[in-house]
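Trainee: Sending over a structure as C-alpha cells; questions will come in a sec.
Here, each number is a calculation from the coordinates, and none is a lab measurement. Note that the coordinates shown come from a computational prediction; the quantities given were computed from them, not determined experimentally. Using ideal geometry, Cβ is built from the backbone for each residue, glycine included, and neighbour counts are taken over all protein chains shown.
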2 protein chains.
Amino acid sequence: MKASHIETGETSKISGPAAGINRGIAVLDVILRLVAIASTLASAVVMATSDQQLQFFTQVAIFNVEYGDFSTLRYFVVINSIACAYFALSIPLAIMHIARSAAKQSRALLIIMDMVTLGLLMSAASAAAAILFLAHNGNNSANWNSICNQFTDFCHRASASLIGSFAAIVILLLLIFMSTAALARS
Amino acid sequence: MKASHIETGETSKISGPAAGINRGIAVLDVILRLVAIASTLASAVVMATSDQQLQFFTQVAIFNVEYGDFSTLRYFVVINSIACAYFALSIPLAIMHIARSAAKQSRALLIIMDMVTLGLLMSAASAAAAILFLAHNGNNSANWNSICNQFTDFCHRASASLIGSFAAIVILLLLIFMSTAALARS
C-alpha cells in the first residue's frame, strides 16, 4: 500500500493523551465520511430524478421540465457523484489514521484532497442554488418568470436535493478542521 | 500580539534546509496574498459598476439593468469585499511565519481561515457564473431569454469580473497547499 510506504520511518512521536485524541478524531473522521457518502448520493439521486410534465389539454403541446434542461443542475449531479466516489475511496486512508495517529504526510494529503472536494461541492451547490432561486422568484429586470408556480414538484425535488450537498459541505469543513488540528498536534 | 502568544514555547524544532524551505514558502505566501487583495478588489469594483441603460425612443419606457437587480451578483460583490478584507488582515500573520518558520498553531489557524474564505469565494463565483451563463444563453425549458444581446456591455463587465474572483480561488488553493506542506514538514 502506497500510503503506508509514505509513512515508513514515521514511528509514533507522540504518545499518551495526544495520541488518544488523534485516534478519537480518526474514528470520527471515518464515521463522518460514511455520512457524507450517503448525503452526496442522496443529493445526486434526488436531483437526477427530478422532472415534471405538464399537460394542457387545450393545446397539443406538452410542457416538460427536468434537471437535464439546466446545465448547472447536470453539473450538480456530476459533482455530487464524484464527491460520493471520493468519500468512498478516502475511507481506507482515514482508517489507516486510526492505527497510525502520528501520520503526517498522509494526513496532509487528505486535507488537500478534502479541500479540492469542498471547492467542487461548494461550486456545484451554490450554482444550483442560484438557478433554483431564479426558478422560485424569477427576475423582473431580465424578464425571467418564476417557473415554480407551474412546476411545483420539480422545484421541490430539486431544492430538496441541495440539502444533502450542503450537509456534505459542513462535514468536509469539520473533517478539514479536525485533520488540521491533528496535524498541528502531531 | 495574540499570535505570538500562541506560539510561545514553540522554538524552532526544524533547522537547515527544511527551515529555509518553510521561510521561502512564507515569503511567497505574503506575495500571493497581496495579489489576491488586488484581484478580489478588482472583481468587486468591476461587478459593482456594471450597469447598462437601454433607451427605446419608440416607447416611453427606459430599460435598465445593473448588478443590483440580481441578488446573486450582489452576493458576489459582498463576498469579494469580505475576501479582500480577509486577505489584508491575514498578512500580518503570514509575515510572522517568515520569522517563525516552525510555527504550527498559527499556520493551522491560517489554513482553516483560508479554507472558509475559499468556500465563500467558490460559492459566490460559481453562483454568479451560473447566472451569467443564463444571461448569455438563456434557457428554453424555463422560457428565459438571453439578455446579453441587448445588454452587451453589462454582460461583458459582469463576466470579466469573474476572472479576479477565480484567480483568488486559485491563489487560495496554492496557499492552503503550501501551508499544509509546511505544517507536515515542521
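Trainee: Hey, for B:Asn143 with labels 7 Å out along Cα-Cβ, what do the inter-copy distances come to in nm, ordered shortest first?
Mentor: Label point to label point, same position, other copies: 1.3 nm.
Trainee: Right, here's the next one. Enumerate the calculated ³J(HN,Hα) couplings along the stretch B:148-157 in order (Karplus 6.51 cos²θ - 1.76 cosθ + 1.60, θ = phi - 60°), each rounded to whole Hz, writing x wherever the residue is Gly or Pro.
Mentor: Along the stretch B:148-157, the couplings run 6, 5, 8, 9, 4, 4, 4, 5, 5, 4 Hz.
Trainee: Going by Cβ distance under 4.7 Å, what cysteines of chain B have no possible disulfide partner?
Mentor: So, B:Cys84.
Trainee: Run lengths n ≥ 4 of DSSP H only: what is the helix-derived mean residue ellipticity at 222 nm for chain A, with -39500 (n - 2.57) per run over all residues, to the nearest 500?
Mentor: -25500 deg cm²/dmol
Trainee: Given labels modelled 7 Å from the Cα in the Cβ direction, how far is it in nm from B:Val116 to B:Ser141?
Mentor: 3.7
Trainee: Which value results when the Cα radius of gyration for the stretch B:89-162 is divided by 2.2 N^0.38 Å?
Mentor: Numbers: Rg = 20.0 Å, N = 74, 2.2 N^0.38 = 11.3 Å.
Compared with the compact-globule rule of thumb, the stretch B:89-162 sits at 1.77.
Trainee: While we're looking at this one, here's another question. Can you give the net charge of the other residues whose Cβ lies under 14 Å from the Cβ of B:Ile147, counting K and R as +1 and D and E as -1? Walk me through the numbers on the way to the answer.
Mentor: Numbers: positive: B:Arg157; negative: B:Asp51, B:Glu66, B:Asp69, B:Asp153.
Computed value for this residue: -3.
Trainee: Once both labels are modelled 7 Å past Cα along the beta-carbon direction, what's the A:Ser71-B:Gln150 spacing in nm?
Mentor: 2.3
Trainee: Within the stretch A:115-136, find all residues whose amide N lies under 18 Å from a label point positioned 7 Å from the Cα of A:Leu89 along Cα-to-beta-carbon.
Mentor: Hits in the stretch A:115-136 for A:Leu89 at 18 Å: A:115-122.
Trainee: Also, quick follow-up: For a quick check: with amide H placed at 1.01 Å from N, whose amide H comes under 5 Å from A:Trp144's, ignoring anything fewer than 5 positions away on the same chain?
Mentor: A:Asn139
Trainee: When all C-alpha to C-alpha distances in the protein assembly as shown are sorted into bins of 20 Å, what percent of pairs does each bin hold, rounded to whole numbers?
Mentor: Per 20 Å bin, starting at 0, the Cα pair percentages come out as 26, 49, 21, 3, 0.
Trainee: Quick one: give the max-minus-min coordinate of the C-alpha atoms of the stretch A:39-186 along each principal axis, largest first, in Å.
Mentor: Reported extents, whole Å, longest axis first: 70, 30, 18.
Trainee: Follow-up question, since we're still on this one. Would you mind checking the tilt of helix B:105-137 against the longest principal axis of the Cα atoms of chain B, expressed as 0 to 90 degrees and rounded to 10?
Mentor: 20
Trainee: Could you give the radius of gyration (one decimal) and Dmax (whole number) of the Cα atoms in the stretch B:59-108, in Å?
Mentor: 20.3, 69
Trainee: Further, regarding this structure: I need the inter-copy label distances for B:Gln53: point set 7 Å along Cα to C-beta, values in nm with one decimal, smallest first.
Mentor: Result for B:Gln53, in nm, nearest copy first: 5.0.
Trainee: If you line up the long axis of helix B:17-48 against the longest principal axis of chain B, both from Cα atoms, how many degrees apart are they, to the nearest 10?
Mentor: 20
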